[in-house]
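*Asks:* Dropping a structure here in structure tokens format, bear with me for questions.
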Amino acid sequence: MSKKYDVAAFIWPAYTGDDPRALAFWPEGYGEWQTVKNIAANSTQKPEGYLWDRKPLWGYVNEANPDVMEMEINCAYRHGVNVFIYDWYWYDDAPFLENCLNDGYLKAKNNDLVKFYLMWANHHATYMWDIEQSDDREGEVIWPGDVTPEIFRKLVKRWIEKYFSHPSYYKIDGKPVFMFYKYRQLLKGLGGTEGAREALEYFREEVKKAGFPGLHLQIAFNGFEGFDYDGRYGGTAGDIYELLGFDSVSHYNMGTQAERNKDYTEFIRDHKASYDEMDAKGRLYFPQVSVGWDSNPRYRRFRPEILKNNTPENIKKAFLQAKEYVDTHELPAPLVLINSWNEWTETSYLQPDNLYGYGYLEAVRDVFGGGEEE
């Protein structure tokens with residue numbers, strides 16, 4: 001019998017217009033599909049020869065529609081993607097884009113085929129998502145991503161009651177898996193390293209009270225750069241994982257924007273170097289594969305950082321490398337993370353398009369195997 005893998009793809013939940021607050025960024029009413037659809041009109045300031053003309057084969061579908069998600073779940077399952085990691089947001093004391101998960105995936109009749117877990121994307125909301133202002137105001141904060149300890153406790157209750165108890169929530173050794181994106185925002189809101197440690201311990205205890213054997217906390221890797229956030233702890237960002245008691249680490253997206261300005265054949269080697277670095281540092285690491293990078297759809301002015309030749313053939317080589325990592329390491333789960341299922345405006349997605357058809361998904365299936373038709 002062939003080995004089974006847990007292949008988890010991130011979902012950016014902005015391809016729906018059902019959240020009223022999304023209209024501030026995408027006023028046409030169907031989420032960030034607006035940016036994808038209007039790419040030609042928004043590229044007049046790009047240099048001659050630059051072309052981004054990718055289009056979704058499924059059309060500009062509403063991913064908060066359960067019928068749409070049933071179709072997507074079936075497709076993911078057949079091609080070997082059997083876990084979705086939903087980006088989850090909380091701004092100005094309210095959820096943002098949460099309805100994509102609540103009304104789409106959770107109401108899909110076949111969500112037992114593909115499990116899910118949450119990554120709290122606790123970065124600031126900025127004008128990056130607004131094509132009218134992204135060039136000049138990208139760094140301006142609209143809604144901060146950090147929260148106070150009081151709000152954090154409210155979020156813990158929400159995560160446990162709304163999601164962890166769902167039969168399709170992804171677990172390792174019976175423990176719900178939960179990922180944090182920005183450790184710095186976590187520390188800022190919770191009062192530094194000591195406050196964050198106390199908050200995460202509270203999180204673990206509440207999960208146990210809810211009847212689970214524990215909580216598997218995961219953090220998105222942010223480098224081994226120098227770290228001294230609150231003046232009381234000196235070290236590196238890598239050290240913060242042990243200090244706060246995270247169980248594992250992975251990437252959300254591989255490399256910085258500048259590092260992605262290369263050919264994908266080089267990027268495959270970057271993946272391997274990062275895997276080796278994690279081994280050298282003694283981290284419990286789940287391998288991640290980034291499908292591509294080109295954020296030009298979000299801007300009118302040209303962004304030169306572009307990952308070239310991210311063809312299905314090259315992506316397949318990266319998948320094989322991640323598979324080898326799982327096969328040669330003693331991990332608590334055969335988990336591989338992929339960025340992403342639908343990050344169209346960063347050009348890092350698995351969904352079928354007019355350029356490669358189902359090629360990216362077929363690469364997943366060729367390496368990891370697909371689910372059998374029911």
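Throughout, read-outs are computed from the coordinates displayed, never taken from laboratory work. None of the values given here were measured: they were computed from a predicted structure. Here Cβ is always computed from backbone atoms with ideal geometry, including for glycine, and neighbour counts include all displayed protein chains.
*Asks:* Take the Cβ-Cβ distance between D366 and D67 as r, set R0 to 22 Å, and report the resulting FRET efficiency rounded to the nearest 0.05.
*Replies:* Approximately 0.15, to the nearest 0.05.
*Asks:* Using amide H atoms built in the peptide plane, which far-off residues or other-chain residues are under 5 Å from A125 H to H?
*Replies:* Answer set, sorted by chain and number: I142, W143, G145.
*Asks:* Taking the alpha-carbon centroid of each part, what is the distance from the stretch 197-216 to the stretch 293-354 in angstrom?
*Replies:* Spelled out, the Cα-based centre of one part sits 32 Å from the other.
*Asks:* Per the Kirkwood definition applied to all pairs of different Cα atoms, how many angstroms is the hydrodynamic radius of the stretch 167-218?
*Replies:* With all distinct Cα pairs of the stretch 167-218 included, I get 11.8 Å.
*Asks:* Now for a different question. How much length, in nm to one decimal, is gained on full extension between V141 and D276, taken as 0.36 nm per residue of separation minus their Cα-Cα distance?
*Replies:* Between V141 and D276, full extension yields an extra 45.0 nm.
*Asks:* Suppose each label sits 7 Å from its Cα in the direction of the beta carbon; what would the K162-Y202 distance come out to in nanometres?
*Replies:* Each label point is offset 7 Å from its Cα along the Cβ direction, giving 1.8 nm.
*Asks:* Continuing with this model, one more query. Under a Cβ-Cβ cut-off of 9 Å, what is the net charge of the residues other than V147 that fall near it, where Lys and Arg count +1 and Asp and Glu count -1?
*Replies:* -2
*Asks:* Given points 7 Å out from each Cα along the Cα-Cβ axis, report the N38 to N102 separation in nanometres with one decimal.
*Replies:* The answer from the label model is 2.7 nm.
*Asks:* Show the residues, 5+ positions off or on another chain, whose built amide H is closer than 5 Å to the amide H of D6.
*Replies:* Correct list: L335, V336.
*Asks:* Could you check what % of the DSSP bridge pairs in the chain are antiparallel, to the nearest 5?
*Replies:* 30 percent
*Asks:* Now a separate question. Just add up the charged neighbours of Y5: K/R +1, D/E -1, any other residue whose Cβ is under 14 Å from the Cβ of Y5.
*Replies:* Within the 14 Å Cβ shell, the charges total +1.
*Asks:* Continuing with the same structure: Counting other beta carbons within 10 Å of each Cβ, put T345, T311, T256, T44 in order, fewest first.
*Replies:* Sorted ascending by nearby Cβ count, the order is T44, T256, T311, T345.
*Asks:* Once phi is turned into ³J(HN,Hα) by the Karplus curve 6.51 cos²θ - 1.76 cosθ + 1.60 with θ = phi - 60°, what whole-Hz value does each residue of the stretch 15-24 show in order, with x for glycine and proline?
*Replies:* Once rounded to whole Hz, the list reads 8, 7, x, 7, 8, x, 6, 5, 5, 5.
*Asks:* Amide H of N342 versus every other amide H placed in the peptide plane: which residues, excluding those fewer than 5 positions away on the same chain, fall under 5 Å?
*Replies:* Answer set, sorted by chain and number: W12, L350.
*Asks:* If each residue of separation counts as 0.36 nm, what is the full-extension length gain between Q45 and L57 once their alpha-carbon separation is subtracted?
*Replies:* 1.6 nm
*Asks:* Counting other beta carbons within 10 Å of each Cβ, put C75, C100 in order, fewest first.
*Replies:* C75, C100
*Asks:* Provide Rg and Dmax in Å for the stretch 6-368, with only Cα atoms included in the calculation.
*Replies:* Just the Cα atoms of the stretch 6-368 yield Rg and Dmax of 19.5, 60 Å.
*Asks:* So if each residue of separation counts as 0.36 nm, and I subtract the Cα-Cα distance between D92 and N354, what length gain in nm does that give?
*Replies:* Between D92 and N354, full extension yields an extra 90.5 nm.
*Asks:* Report, in debye and to the nearest 20, how large the dipole of the chain comes out about its Cα centre when Lys and Arg carry +1 and Asp and Glu carry -1 on their Cβ.
*Replies:* In total the dipole reaches around 340 debye.
*Asks:* So if we plug the beta-carbon distance of D263 and R21 into 1/(1 + (r/R0)^6) with R0 = 35 Å, what FRET efficiency do we get, rounded to 0.05?
*Replies:* Efficiency at R0 = 35 Å is approximately 0.35.
*Asks:* Shifting gears a bit: Given a cut-off of 18 Å, name the pairs among K272/K316; K188/K209; K262/K323; K109/K154; K115/K175; K115/K154 whose C-alpha atoms lie farther apart than that in the structure shown.
*Replies:* Long pairs (Cα-Cα over 18 Å): K188/K209; K262/K323; K109/K154; K115/K154.
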